[in-house]
1. Mind listing just one residue for me: the one in region 147-161 that is assigned to a helix (DSSP H, G or I) and basic (Lys, Arg) and, of those, surrounded by the fewest Cβ atoms within 10 Å (Cβ to Cβ)?
2. State which residue pairs qualify: first residue of a type in the set (D, E, K, R) and inside region 235-254, second residue open to solvent by 70 Å² or more (accessible area, probe 1.4 Å) in any location, beta carbons under 7 Å apart, and separation of 6 or more residues or different chains.
3. Take residue 272 and tell me if it is open to solvent by 60 Å² or more (accessible area, probe 1.4 Å) and either in the same structural domain as residue 216 (by the TED database) or touching a His at 6+ places or on another chain (Cβ under 8 Å) (or both).
4. Could you tell me which of the residues 263, 283, 287 is within 30 Å of residue 150 (Cβ to Cβ) and modelled with pLDDT of 80 or more?
5. Answer yes or no as to whether residue 135 is surrounded by 12 or more Cβ atoms within 10 Å (Cβ to Cβ) and in contact with a Cys (Cβ under 7 Å, 6 or more places away or on another chain).
6. Would it be correct to say that residue 300 is within 23 Å of residue 257 (Cα to Cα) and either modelled with pLDDT of 85 or more or surrounded by 13 or more Cβ atoms within 10 Å (Cβ to Cβ) (or both)?
7. Conditions first: (1) under 20 Å from residue 282 (Cα atoms); (2) in contact with a Cys (Cβ under 8 Å, 6 or more places away or on another chain); (3) open to solvent by 20 Å² or more (accessible area, probe 1.4 Å). Residue 327 passes all but one, so which condition is the exception?
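The values are calculated or read from the model by the stated rules, or taken from the named source; none is laboratory data. All values derive from a computational prediction rather than experimental measurement. Because the Cβ atoms are built from the backbone with ideal geometry, glycine has one as well, and the counts that use them run over all protein chains shown. Heavy atoms of the whole protein, side chains included, go into the accessibility calculation; ligands, DNA and RNA do not. Shrake-Rupley method; radii C 1.70, N 1.55, O 1.52, S 1.80 Å.
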Amino acid sequence: GGEDVSIYAKGPMSHLFEGTVEQSYIAHAMAYSACIGPFDKSTHPSFVSAGFSIPTLFSSILGSEELYFVHYHIIRICITVLIHSFLPIGYYIFIGLCLPELSLFNFNSLNLYWSIYLTFSVLFFIGICTFVYFWYMNSFECHPIVKQLKKFSQINSWKHVANEINLEFRRFDKFTSGHSIFNRFYLTDNWILKVNLYSLNVCPTSQADISLISAVDLDIVIDGQQSRQMLNLLVKPLDDDKSFKKFVFRVNSFEYKDFSDKFTRPIRLMCDIIIKQSLPELFLDAFREHVFSNEKNLQKREDLDQCIGCMKKLADVKLVKQCGSNSDCRSCMCRPMWCLECMGKWFAYRQNQSEPNTWLSSKASCPTCRATFCMLDVSHIEIFE
């Protein structure tokens, strides 16, 4: 035991298995590739239907956003501005076909209004086509996205920066927010990315100063969950650096904790805002309080490993039957492998989601050996020398 084991993968999503990875990563990557569990087809980006949109209609030209994020959005923006610039001409043609009495296709008898409209529409379309052709002929060196990336390259090579972003974007552990294909926000280990209709905001996390500037209470349903609060966050350069323009993005208040955990630097509060918590987060606070009131479990530091759930914290809970002989809970013989937060999340998601008032008195099974336990059986670990 303890030696590295080779992993061989081919086909779609095989790029997820590169280099040396932790053992816990493999199961998540396999679930993501197979679109099962939390990555089922209703939430998997490869299966999100966007209707008659540019990404779906031109998917063969755009390629894969998951594999080539930067190139995908460079081409997407070019196609978007071309199609949208043609809309005024399209409107003119549509009106001419629907209302033949206007004689819009008889250019010699056009009134002043339609002459000005048609002239402006044609010139606007030609101008946009010229811009896109200029970007294409210069290998997109003058494209707005490429200009941004050059600012972050020490060797003035935007392709090197693009490769770094593409590699990080392929990882399944990135933070993602947004329910529109033209308004999404991504946070990777080293990059902040915001996708807009006509632009892409990019900045390194090391150069970003993020502030929570406001909150908006809404009464809408997103993905089957009641969303009551949206948080507006401002991203600007550190120390008045001009490496990128400041921009604002939105996250659901229920996603804020995941975002703040992923973004390891402090987030500033510009005003007094009370962030509403999701039901699992509220339960986790109660779970933590109950566990701290249970009998402690003593362990040596050298006997504890990283939590196999988050791989960030030291395992700090152990399942020890303490609820009495009349209970159907069973003794768990597993060594400490989970932190309190991960165990609390596991406990919450094993309950009936429609009856949260029963969670504290319910039971769950050990993630490893499947032994039944209740909240009284979760012991917080105290380290002794």
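1. 147
2. 236/246
3. Working: open to solvent by 60 Å² or more (accessible area, probe 1.4 Å): yes; either in the same structural domain as residue 216 (by the TED database) or touching a His at 6+ places or on another chain (Cβ under 8 Å) (or both): yes.
Yes; evaluated as a whole, the condition is true for this residue.
4. Values: 283 fails: within 30 Å of residue 150 (Cβ to Cβ); 287 fails: within 30 Å of residue 150 (Cβ to Cβ).
Exactly one of 263, 283, 287 is within 30 Å of residue 150 (Cβ to Cβ) and modelled with pLDDT of 80 or more, namely 263.
5. Values: surrounded by 12 or more Cβ atoms within 10 Å (Cβ to Cβ): yes; in contact with a Cys (Cβ under 7 Å, 6 or more places away or on another chain): yes.
Yes.
6. On the way: within 23 Å of residue 257 (Cα to Cα): no; either modelled with pLDDT of 85 or more or surrounded by 13 or more Cβ atoms within 10 Å (Cβ to Cβ) (or both): yes.
It is false that residue 300 is within 23 Å of residue 257 (Cα to Cα) and either modelled with pLDDT of 85 or more or surrounded by 13 or more Cβ atoms within 10 Å (Cβ to Cβ) (or both).
7. The number of the failed condition is (1).
Residue-by-condition table, conditions (1) touching a strand residue (DSSP E or B) at 6+ places or on another chain (Cβ under 7 Å); (2) over 30 Å from residue 369 (Cα atoms):
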| position | (1), (2) |
| --- | --- |
| 247 | yes, yes |
| 252 | yes, yes |
| 255 | yes, yes |
| 277 | no, yes |
| 281 | no, no |
| 317 | yes, no |
| 321 | no, no |
